[in-house]
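Student: Here it is, the structure in full.
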Amino acid sequence: MDESREKELEKVADMAARKAVKNHILSKKQKCKRWFHNTEKLMGKYNMLKEHTESSISGILETDLRDCLCDFISEDDEEELRIESIQRSELRTYIIVEHIDKMLNVLKNIYMKKKKMRKYRALTMRFLEQQECSYIAKYEKVDERTIYRDVNDALNDLSILLFGLDGMLD
């Protein structure tokens, strides 16, 4: 193989490697944006999800009684499938809400150790208490833009806690 051909192959291989690395980084960034978006969405609907899990009829009934009622109510397979689907949905919602609650507690502990409780308060006031950022800024005696940054930082940290290592950039 001649020298010019070798150099051309090296150049092509180098370009391909750079392109692959760039695509991998872009893919990771897109995933992180999606996780941030999903975390923001979950927190935005947190109160509704929490209320759903607390007032769910399936959650109130004991498992044996619920199974007994399902057998009694559902005379055909289609009806039974609908009830099971509702129960699965309620269970998934319960698991998600419990996971969020636990990770919020972990985040609170982390921020207490780092003395960054304002970020935690901004997050909980914004999403759990559904306060406007302008109100939170007055409460915290900081600029409103600071509260937006605090909420975004807390959402990023919460995303990592909710989604694990996959929620972090390389």
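The values are calculated or read from the model by the stated rules, or taken from the named source; none is laboratory data. The structure displayed is predicted, hence computed values, not measured ones. Neighbour counts are summed over all protein chains in view; Cβ atoms, including those assigned to glycine, are modelled from backbone coordinates with ideal geometry. These area figures cover heavy atoms from the full protein model, side chains too; ligands, DNA and RNA do not enter into them. Shrake-Rupley method; radii C 1.70, N 1.55, O 1.52, S 1.80 Å.
Student: At 1.4 Å probe size, what's the solvent-accessible area of D157? Round to the nearest 10 Å².
Tutor: 60
Student: So, one more: Provide the FRET efficiency to the nearest 0.05 for the N156-E6 pair, computing r from the beta carbons and using R0 = 45 Å.
Tutor: Efficiency at R0 = 45 Å is approximately 0.45.
Student: Related question: Can you give the accessible area of K19 in Å² (nearest 10), computed on protein heavy atoms with a 1.4 Å probe?
Tutor: Using a 1.4 Å probe on the heavy atoms, I get roughly 120 Å².
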